[in-house]
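Comments concern the structure below.
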Amino acid sequence: MVFILAGVSDSKKLYFRQSNKHSSKFFNIFLMGIQTALFESPLGTLIIKVSEANLHAVLFTNSLKRPLTAENTSVESHHSHVLMDECKKQLEEYFAGKRLQFDLPVQQEGTPFQQSVWAALLTIPYGRTISYLELSKRIGNVKATRAVGTTNGSNQVSIIVPCHRVIGSNGDLTGYGGDLWRKKWLLEHEDKFANGVQTLF
């Protein structure tokens with residue numbers, strides 16, 4: 001089953017494929033074609049994982065909150081890959097303040113609940129933030145705030161699926177898989193180019 005973000009033009013759609021116990025065999029076979037590469041960002045090295053058709057992960061390699069193993073950070077390919085090159089290009093544009101929205105096909109393995117949370121993250125505009133409670137409301141389950149927070153933290157596609165735009169109801173940054181100082185940097189970076197504001201927190 002493929003989830004398509006509604007309300008976005010055809011050229012801007014991001015795709016999520018549901019993977020559960022019935023489809024895990026397909027997903028494991030699909031992942032055999034995964035290629036990885038490193039991307040040097042202003043916040044440190046990112047590892048990018050793509051298949052022929054989809055982007056599967058964008059993660060910080062040296063996060064204290066969510067450290068990666070040597071196996072997860074190994075680079076498996078050095079030759080040119082169309083989607084990999086496009087992902088790097090769009091990330092460069094984002095960090096330069098020239099891109100406010102990503103246009104990449106994304107696929108993460110997760111339950112229908114997780115898919116709904118990740119899809120809702122894509123509706124948060126550049127330069128804006130919402131609370132975990134508001135995110136719970138957007139998926140129609142106001143009592144699932146804690147589960148929403150856990151799912152937000154398990155997002156594998158940093159920056160592009162903007163889990164950094166979710167903060168506490170009191171305005172605190174709270175958790176972030178890439179470490180709080182990076183979350184603060186990303187939000188201030190976006191606010192600077194969206195609203196001309198240098199410092200938020």
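If you check G127, G175, which single one turns out to be over 23 Å from N62 (Cβ atoms), of a type outside the set (K, R) and not in a helix (DSSP H, G or I)? Talk me through it step by step, then tell me what you get.
Details: G175 fails: over 23 Å from N62 (Cβ atoms).
G127 is the lone residue from the list that is over 23 Å from N62 (Cβ atoms), of a type outside the set (K, R) and not in a helix (DSSP H, G or I).
Give the residues of the stretch 172-190 that are open to solvent by less than 50 Å² (accessible area, probe 1.4 Å) and either at pLDDT 95 or above or on the phi > 0 side of the Ramachandran plot (or both), sorted by residue number.
D179, R182, K183, L186, L187, E188, H189, E190
State the number of residues belonging to the stretch 51-62 that are under 10 Å from the mean Cα position of the chain (by Cα) and either surrounded by fewer than 17 Cβ atoms within 10 Å (Cβ to Cβ) or modelled with pLDDT under 95 (or both).
Within the stretch 51-62, residues that are under 10 Å from the mean Cα position of the chain (by Cα) and either surrounded by fewer than 17 Cβ atoms within 10 Å (Cβ to Cβ) or modelled with pLDDT under 95 (or both) number 0.
Within the stretch 97-117, which residues are open to solvent by 20 Å² or more (accessible area, probe 1.4 Å) and either without any contact (Cβ under 8 Å) to a residue 40 or more places away in the chain or assigned to a helix (DSSP H, G or I) (or both)?
K98, R99, P112, F113, Q114, S116
Consider only pairs whose beta carbons are under 6 Å apart and that are at least six residues apart or on different chains; among these, list those whose first residue lies in the stretch 48-59 and is assigned to a loop (DSSP other than H, G, I, E, B) and whose second residue is surrounded by fewer than 21 Cβ atoms within 10 Å (Cβ to Cβ).
Listed by first residue and then by second, the contacts come to S51/G33; S51/I34; E52/G33; N54/P105.
Could you tell me whether the stretch 159-167 includes any residue that is closer than 25 Å to F95 by Cα, part of a loop (DSSP other than H, G, I, E, B), at pLDDT 95 or above and not β-branched (V, I, T)?
Going through the stretch 159-167, the residues closer than 25 Å to F95 by Cα turn out to be 159-167.
From what's left, part of a loop (DSSP other than H, G, I, E, B): 159-162.
Those left that are additionally at pLDDT 95 or above: 159-162.
Now restrict to residues that are not β-branched (V, I, T): 162.
Yes, the stretch 159-167 contains a residue that is closer than 25 Å to F95 by Cα, part of a loop (DSSP other than H, G, I, E, B), at pLDDT 95 or above and not β-branched (V, I, T).
With (1) at pLDDT below 95; (2) open to solvent by 20 Å² or more (accessible area, probe 1.4 Å); (3) more than 19 Å from P162 (Cα to Cα) as the list, and K65 as the residue in question, which single condition is left unmet?
Against the list (1) at pLDDT below 95; (2) open to solvent by 20 Å² or more (accessible area, probe 1.4 Å); (3) more than 19 Å from P162 (Cα to Cα), K65 comes up short only on (3).
Residues of the stretch 123-140 being open to solvent by 60 Å² or more (accessible area, probe 1.4 Å) and either more than 16 Å from S169 (Cβ to Cβ) or touching a strand residue (DSSP E or B) at 6+ places or on another chain (Cβ under 6 Å) (or both), which ones?
If the condition is that a residue be open to solvent by 60 Å² or more (accessible area, probe 1.4 Å) and either more than 16 Å from S169 (Cβ to Cβ) or touching a strand residue (DSSP E or B) at 6+ places or on another chain (Cβ under 6 Å) (or both), then T123, P125, G140 are the ones that fit.
Out of the residues in the stretch 118-145 meeting the condition of being free of Cβ contacts under 8 Å to residues at least 12 places away in the same chain and basic (K, R), tell me which one is farthest from L83 (Cα to Cα).
Filtering the stretch 118-145 for residues that are free of Cβ contacts under 8 Å to residues at least 12 places away in the same chain and basic (K, R), the one farthest from L83 (Cα to Cα) comes out as K143.
The values are calculated or read from the model by the stated rules, or taken from the named source; none is laboratory data. Bear in mind the structure is a predicted one, so any value in this text is a computation, not a measurement. Note that each Cβ is placed from the backbone with ideal geometry, even for glycine, and that neighbours are counted across all protein chains shown. Note: areas computed on protein heavy atoms with side chains; ligands, DNA, RNA excluded. Shrake-Rupley method; radii C 1.70, N 1.55, O 1.52, S 1.80 Å.
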